[in-house]
Amino acid sequence: MTSKFHFLSFLFFSFISYSFQNPNPDSNSSPSRAHTELTNYGFPIGLLPATTILNYNVNQTSGEFTVYLGDSCKITLPPDNYLATYSKRITGKIVKGRIAELDGIRVQAFFKWWSITGIRSNDEDLVFEVGMVTAKYPLKNFDESPPCEGRYSAS
């Protein structure tokens, strides 16, 4: 009887621990720590989709970061409704107001897929860099994390 109790207690606390580490993004729960970390660098939480963040890390010295999503996903970016895809693994370098060497986010424009290589932020706008081309959008368009519309195949 005691071993059953310990086993059930273990399962219960494991479930509770897992729930706090991986909140359901489709519920009205608060943003993940990775979403919140964006705000520490002057970015809105809406740069990351509303999906499970398995893990993330930021090197406070170099600014190098990695975000591991629960799955790849596609979203529609406001305000021009560009289709974007997020890989399971997103990497780059982040400092206050600037993300560089970004890898893992692509956007479809003019019937072609383009990698977003950097993002700049100021008090009013986000500037997305696709190679040498940039596109500026109001910061307020990214106040909320967009939901994933489904998986995509990276083929």
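Computed from the coordinates by the stated procedures, all read-outs in this text should not be read as laboratory data. All values derive from a computational prediction rather than experimental measurement. Ideal geometry is used to build each Cβ from the backbone, glycine not excepted, and the neighbour counts take in all protein chains shown.
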Cβ-based net charge around SER62, under 13 Å, with every Lys or Arg adding one and every Asp or Glu removing one: -1
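Relative contact order for the range 31-142: what is it in percent, counting Cα pairs under 8 Å that are at least 6 residues apart? All intermediate terms of the calculation are to be shown ahead of the outcome.
Values: 226 pairs, mean separation 20.1, N = 112.
That works out to 18 percent.
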Debye log10 I(q)/I(0) at q = 0.17, 0.19 Å⁻¹ for the range 22-155, Cα point scatterers: -0.89, -1.15
Nitroxide proxy distance, nm - points 7 Å out along Cα→Cβ at LYS136 and PHE111: 3.0
Euclidean distance of C-alpha centroids, the range 78-93 and the range 109-129, integer Å: 9
Distance between modelled label sites at LYS93 and THR66, nm, 7 Å Cα→Cβ extension: 1.8
GLU101 versus ASN59: modelled label distance in nm, points set 7 Å from Cα along the beta carbon direction: 0.7
Per-peptide average of other Cβ atoms within 10 Å, ordering 42-49, 76-83, 113-120 highest first: 42-49, 113-120, 76-83
